[in-house]
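**Q** Structure below; questions to follow.
The values are calculated or read from the model by the stated rules, or taken from the named source; none is laboratory data. For clarity, every value in this text was computed on a predicted model and none was experimentally measured. Note that each Cβ is placed from the backbone with ideal geometry, even for glycine, and that neighbours are counted across all protein chains shown. Quick note on the areas: whole protein, heavy atoms, side chains included, nothing else; ligands and nucleic acids left out. Shrake-Rupley method; radii C 1.70, N 1.55, O 1.52, S 1.80 Å.
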Amino acid sequence: MRGVSMLNKFRYFAGTKAAVAGLFVLALVVTAGAGIYRMGLGEAQAMARDCSTNSIIKCGIADYNELTAKYDENAHGDVRAIMDHYWIKREVQAGDRVVHGTANNRGEVIAEGRVVATNAASIGRENLGKPSTHEISINGKKYYQTSHVGGEAFANPGGSLDALIVLDAEGNFKYALVKACGNPIYAKPVEPPKPPEPKEIQVCELESKKIIAIKENKFDETKHSKNLEDCKEKEIKVCELESKRIITIKESEFDEAKHSKNLDDCKEKKIKVCELESKTIITINEDEFDETKHSKNLKDCEEVEIKVCELESKTIVTIKESEFDEAKHSKNLADCEPKKVQVCEVETKEIITIKEDELDADKHTVDLTKCEDEPVPTPPTPTELPKTGATTSLLSAVAGISSISLASYYYAMSRRNG
């Protein structure tokens, strides 16, 4: 009996230990389930997963790749329908951003340090029996949605749930899921705060060299400078081309037609020219050049030789143009041709024209009267006869003969004077 009694005691003790052990394990499971919602983003790789019957996606999802895989797996045959009901896409849409955040017990969905949605509630497969729990139907199947406000959907009402959140390009809330169990979150989006209005700043507009006011977000370092000193008129030294003086002007006043930035252009430039009057090559300042007095063609100063008549010798000679003396020379070469004169040729008693240098006193005389003949007696004038009969005819004949004789006389005289 005693042995039986001892055996029974052992069995009782063993059964009691097993029961205690079972309760301990159950407590661990419950504790794990309650702690699932409190897992942070840094624990994603080692996150405790909720594999309970209330999970829409058994054992949850750690990232969007896993969500896509579970969507394709479609456990229970309803995962796709549930995701579509809450506008959750199989893959992230172009322009959307996936962020890790939380859903708290005030019904807020938190992402990137701000509230992106409010009045959050999540769906599950079981009725949690909370005041906010209500039944919904998707494709004819029953599910239960419970508010997050007051922590009603949480195992730990004072905690929060890690969530996978999708925002659009402007930061607006689109959808979210509880990571531990894959349960979709329904919430009211909060309009993202508008970025603060860019402040106005003063800059130097580089092109115009003016100080202007612009919005800070319009600043362009290729067009503007925040150093207002850059807008002060820069002064530069230039050569004023007309006066050949070095002057200081504002850079904006520079005119390449009037100024040169090469100050050497204001140095006196010396040039060699031909002085036309003296026909000599001289050096002058370039700004002294006068085309009426000078030539830049130095060949214009080379001595020009000319032929002239030397008046004294009556010979044609070649001299330098600068040696010309009108008292001694003539540019009319005809002035050197021998002078012609009329003379009386003594032997023939004829007046002839010879060159002056051919005059020979033994043969010629400039006294033309020496060629005149002795005077011829003037014939007597015939007495007029009576104009009657044959006498008149005779007188007419005599008069005719006399006229011929006089003509012959004057012809001979003209020949002698010729």
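**Q** Can you give the extra length, in nm with one decimal, that the chain gains between Glu350 and Glu323 once fully stretched, where that is 0.36 nm per residue apart less the Cα-Cα distance? Intermediate results must be reported in sequence, preceding the final value.
**A** Values: separation 27, 0.36 × 27 = 9.72 nm, distance 4.56 nm.
Using 0.36 nm per residue and subtracting the Cα-Cα distance, I get 5.2 nm.
**Q** Something else about it: If the only charges are +1 at each Lys and Arg Cβ and -1 at each Asp and Glu Cβ, what is the size of the charge dipole of the range 259-323 around the Cα centre, to the nearest 20 debye?
**A** 220 debye
**Q** Through the Karplus equation 6.51 cos²θ - 1.76 cosθ + 1.60, θ set to phi - 60°, convert the phi angles of the range 354-363 into ³J(HN,Hα) values in whole Hz; use x for Gly and Pro.
**A** 10, 6, 4, 6, 8, 4, 10, 4, 6, 10
**Q** With r as the distance between the Cβ atoms of Glu235 and Glu275 and R0 = 51 Å, compute the FRET efficiency 1/(1 + (r/R0)^6) and round to 0.05.
**A** It comes to 0.75.
**Q** For a quick check of understanding: with a 1.4 angstrom probe and all protein chains in place, what accessible area in square angstrom does Glu235 have, to the nearest ten?
**A** 120 Å²
**Q** Sticking with this one: With a Förster radius of 56 Å, plug the Cβ-Cβ distance of Ser313 and Glu268 into 1/(1 + (r/R0)^6) and report the FRET value to the nearest 0.05.
**A** 0.65
**Q** Further question: Please report the base-10 log of the normalised intensity I(q)/I(0) for the range 193-331, using a Debye sum with one equal scatterer per alpha carbon and no solvent, at each q in 0.18 (1/Å).
**A** Per q value, in the given order, log10 I(q)/I(0) is -1.03.
**Q** How big is the accessible area of Phe324 in square angstrom, nearest 10, if you roll a 1.4 angstrom probe over the protein chains?
**A** Probe radius 1.4 Å; accessible area of Phe324 about 60 Å².
**Q** Something else about it: Using r as the Cβ-Cβ distance of Lys89 and Lys226, and R0 as 41 Å, what FRET efficiency do you calculate, to the nearest 0.05? It would help to have the intermediate numbers written out before the result.
**A** Numbers: r = 45 Å, r/R0 = 1.11.
Rounded to the nearest 0.05, the efficiency is 0.35.
**Q** So how compact is the range 168-237: Cα radius of gyration and Dmax in angstrom?
**A** 23.4, 79
**Q** So which trypsin sites (Lys or Arg not before Pro) in the range 59-113 end up in coil per DSSP with only 16 or fewer other C-beta atoms within 10 Å? Mind dumping the intermediate values first?
**A** Numbers: sites: Lys70, Arg80, Lys89, Arg90, Arg97, Arg106; in loops: Lys89, Arg90, Arg106.
Sparse-neighbourhood loop trypsin sites (Lys or Arg not before Pro): Lys89, Arg90, Arg106.
**Q** Something else about it: Going Cα to Cα from Lys314, which lysines come in below 21 Å? Please leave out same-chain ones fewer than 8 positions away.
**A** In chain and number order, the partners are Lys328, Lys331, Lys339, Lys340, Lys355.
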